[in-house]
Amino acid sequence: MIGSHDPVFQRRGHSTAIPDALMAWCRGTAWPAWTPAATSDGMGLYAGHGFVER
């Protein structure tokens, strides 16, 4: 995500709000799947949303 490595932009909830909004949109439109691409630093964020590494 843009700015995710800059401490000024960390711990504000943006990295949680964006996937939450995308997943809500996918559910609301019956979008079949969403596969995020994450760095090793970001894997925990997506794992917390129920995503698993394949």
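Electrostatic bookkeeping for GLY48 treats Lys and Arg as +1 and Asp and Glu as -1; over the other residues with beta carbon under 15 Å from its beta carbon, the sum is -2. Charges were assigned to the Cβ only: +1 to each Lys and Arg, -1 to each Asp and Glu. The resulting dipole of the chain about its Cα centre is roughly 120 debye. Shape class for region 7-48: oblate, because the ratio a/c of the largest to smallest gyration tensor axis (alpha-carbon atoms, square roots of eigenvalues) is 1.5 or more and b/c is at least a/b. The residue list PHE51, TRP25, ALA38 was ranked by how far each Cα lies along the charge dipole of the chain toward its positive end, using unit charges on Cβ atoms, and TRP25 comes out on top. Per-residue ellipticity at 222 nm computed for the chain from its helices equals -11500 deg cm²/dmol, with DSSP H segments shorter than 4 residues left out and the rest contributing -39,500 (n - 2.57).
Bear in mind that the values in this text are calculations on the coordinates, not laboratory data. Predicted model, so just to flag it, every value in this text is computed and none were measured. Using ideal geometry, Cβ is built from the backbone for each residue, glycine included, and neighbour counts are taken over all protein chains shown.
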